[in-house]
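These notes concern the structure reproduced below.
The values are calculated or read from the model by the stated rules, or taken from the named source; none is laboratory data. This structure is a prediction, so every number in the text was calculated from the model and none was measured. Neighbour counts are summed over all protein chains in view; Cβ atoms, including those assigned to glycine, are modelled from backbone coordinates with ideal geometry. Heads up: the accessible areas ignore ligands, DNA and RNA and are worked out on the full protein's heavy atoms, side chains in. Shrake-Rupley method; radii C 1.70, N 1.55, O 1.52, S 1.80 Å.
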Amino acid sequence: MFGTIAPMIQAAPRFLALGDSYTIGEGLASAEAWPWQLRRVLAREGVALAPPRILATTGWTTDELAAALDRACFAPPYDLVSLAVGVNNQYRGRDGENYRVEFADLLGRAVALAGARAARVLVVSIPDWGVTPFARAQGRDRARIGREIDALNALAREASAAVGAAFVDVTAISRDPAAAQLLVGDGLHPSAAQYALWVAAIRPFALAALGMRTASPR
């Protein structure tokens, strides 16, 4: 006689978010960072993501994120991996070739962490901090910041297309006059309300990456 067979319990999809201050939600409670907001939005649609594993720190450049990946312990494959990094490369004046090489390496590692499933990887664009009060207060060349961010985003988009990862544009949101006012107290980093707009843009790509049929935004 066979004993009772326990029903199989399907584990919740696992989410790994890689990045910098925009991924941890600098200036906010951790629950208001966009990866956590995305989890709540998908939960309302019946997609129960596991709590996100976040590897991100304010100020990280591409090489610093790579060094953190070297030190971290992971349990792949993850069902969804996001990659959002590059603003600090621009802020520190690093050139596009440096970003192209280091971003491509990070993207390859993100794909590996997704179990070699590039379609499970979401690349989130660099927002334009040049439109913020922080940039104005520093007397920065805001037009130049925008051009340099556009150039880095073009490289990230090209790299994403080359491997089959999704590229999500939140830069346009950051430049919208209304959204650009949705900031935390430092006048630089997005507020929870601006991140909610990001999540609305990210949501259909996340659903597609998880193999879910996308519905109209709620």
From Ala135, Ala180, Ala162, Ala143, residue being modelled with pLDDT under 95, part of a helix (DSSP H, G or I) and either over 18 Å from the mean Cα position of the chain (by Cα) or within 21 Å of Val199 (Cα to Cα) (or both)
Ala180
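Checking the conditions here, which among Gly59, Gly27 is out of contact with any helix residue (DSSP H, G or I) (no Cβ under 6 Å at 6 or more places or on another chain), closer than 28 Å to His189 by Cα and at pLDDT 95 or above?
Unique residue meeting the criteria: Gly27.
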For the range 73-90, how many residues are closer than 28 Å to Ala208 by Cα and surrounded by fewer than 22 Cβ atoms within 10 Å (Cβ to Cβ)?
6
Matching residues in the range 183-195 (within 15 Å of the chain's Cα centre (by Cα) and small (Gly, Ala, Ser)) number 1
Among the residues of the range 39-56, are any open to solvent by 50 Å² or more (accessible area, probe 1.4 Å), assigned to a helix (DSSP H, G or I), free of Cβ contacts under 8 Å to residues at least 40 places away in the same chain and of a type outside the set (D, E, K, R)?
yes
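Of these, Ala154, Ala201, which one is open to solvent by less than 60 Å² (accessible area, probe 1.4 Å) and without any contact (Cβ under 8 Å) to a residue 12 or more places away in the chain?
On inspection, the qualifying residue turns out to be Ala154.
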